[in-house]
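Just below is one structure, and these are the notes that go with it.
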Amino acid sequence: MAKLDKGTLALTFKFDCDRFLRFRLASDQERDALGVTADTYKRPGIELIKAAGRRWEADKYQDLINTSDTGEVLFQLEDREDSLLGCKPFKKIENLFEILRGDKPPSAIIEAEFTVPTNITPGLQKAYDDYGLQQVRVRPDILWIRPGGTGAPLIGDLSDTPEYEIHIVDVKMAAEPSLRHFTEVTYYALALATAIEQEGLSGRYAVSAEGTIWPGNHDINAFRNLVLLNQAQGSSDPVSDALDETLIRVPYEVYEVHVKQFFEDRLLRVLQTDIDQASWHVGPKCQLCDYVRFCREKASECDHLSRLAWLGLAQSRAG
Ligand code: SF4
């Protein structure tokens, strides 16, 4: 059964390609009939790049743990060290809503996993109902739980200030987050807000509409030094102040609309399209797509317009 995972959503935004989305949501029979093969293309050294990203992530988790008071950051570690990571990997936390029901939640939870509700928007629910998509679970890197009233925009129509606000934090090695990162974080925020409501926790918690990215930095000690600087300057909450200064806020007014529009329009439209009819155009953006070999071969076979140099998708559609 096909799954709409966060990678499919984020990469559809990155490649801006209906065929990519349709391939990702295809059944095995559809893929076999068309001869589509994924995972045939792997970037050289991709495992090492991923490991570097995971090391940066683990290091930032550790920064947060080490600079916070004991018990303030909830996390679990695997039993064994990972040789590529150089430490024990962080383990997923599966009882998020039980933790949130406690008297006082921690200030942050690392790698908490939850099931994405099917009804984030009516269009998404229709996609689940009509096309039997498999439900997915997601695991934002950090849930930063702050007392309500920070002034951050919150998801939903709230008449009162909630007791707590949950801010999604995604740790990335890239210094400049991309469209893909922004859409992922926005998706997490929308999914968590709906899940919180379904769990009957919306009286106490609200989710910030403004997801955040903890970006890469050439200085691995930047966060710790910032906390020390805030302490020296007399901050009453040096960790929160350091997070405030470090995190990049996602322009939610733009991305919330994009993600909702994806569920309401593109997802259903692409699911309704036959697999060999979804629009496509091979161009520079395809370089890192798993299907690039397949699409290049098809473009040569049918002398596709995308073989013309400098011709973009919009121009090829117009033609
Ligand atoms: S290679 Fe390009 S055209 Fe083909 S599915 Fe991927 S993004 Fe779309």
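Structure above, values below:
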| item | result |
| --- | --- |
| Filter pass, Thr115 being open to solvent by 40 Å² or more (accessible area, probe 1.4 Å), more than 16 Å from the ligand (Cβ to nearest atom) and under 21 Å from Leu190 (Cβ atoms) | yes |
| Criterion violated by Asp276 - all others in (1) more than 10 Å from the ligand (Cβ to nearest atom); (2) open to solvent by 50 Å² or more (accessible area, probe 1.4 Å); (3) assigned to a helix (DSSP H, G or I) satisfied | (3) |
| Qualifying helices (runs of 4 or more DSSP H) (wholly inside the stretch 1-95; at least 1 residues being modelled with pLDDT of 95 or more) | 18-24, 46-67 |
| Filtered residue count, the stretch 234-273, keeping only those that are assigned to a helix (DSSP H, G or I), open to solvent by 70 Å² or more (accessible area, probe 1.4 Å) and under 30 Å from Asp69 (Cα atoms) | 1 |
| Condition met for Glu184 (modelled with pLDDT under 95 and not in a helix (DSSP H, G or I)) | no |
| Residue in the stretch 216-227 that is surrounded by the fewest Cβ atoms within 10 Å (Cβ to Cβ), counting only those that are in a helix (DSSP H, G or I) and touching a helix residue (DSSP H, G or I) at 6+ places or on another chain (Cβ under 8 Å) | Ala222 |
| Residue match in the stretch 64-81 (condition: open to solvent by less than 30 Å² (accessible area, probe 1.4 Å), within 16 Å of the ligand (Cβ to nearest atom) and touching a residue at least 60 places away in the same chain (Cβ under 8 Å)) | no |
| Total residues in the stretch 192-213, condition of a type outside the set (Ser, Thr, Tyr), surrounded by fewer than 24 Cβ atoms within 10 Å (Cβ to Cβ) and not in a loop (DSSP other than H, G, I, E, B) | 4 |
| Residues located in the stretch 279-304, provided they are part of a helix (DSSP H, G or I) and near the ligand (Cβ under 6 Å from one of its atoms) | Cys286, Val292, Cys295 |
| Pairs, first in the same structural domain as Cys289 (by TED's automatic domain parsing) and of a type in the set (Lys, Arg) in the stretch 29-41, second outside any helix (DSSP H, G or I) and at pLDDT below 85, C-beta under 8 Å, six or more apart | Arg31/Thr37; Arg31/Ala38 |
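The values are calculated or read from the model by the stated rules, or taken from the named source; none is laboratory data. Predicted model, so just to flag it, every value in this text is computed and none were measured. FYI the Cβ positions are ideal-geometry reconstructions off the backbone, even for glycines, and counts take in every protein chain you see. SASA here: full protein model, heavy atoms, side chains in, ligands and nucleic acids out. Shrake-Rupley method; radii C 1.70, N 1.55, O 1.52, S 1.80 Å.
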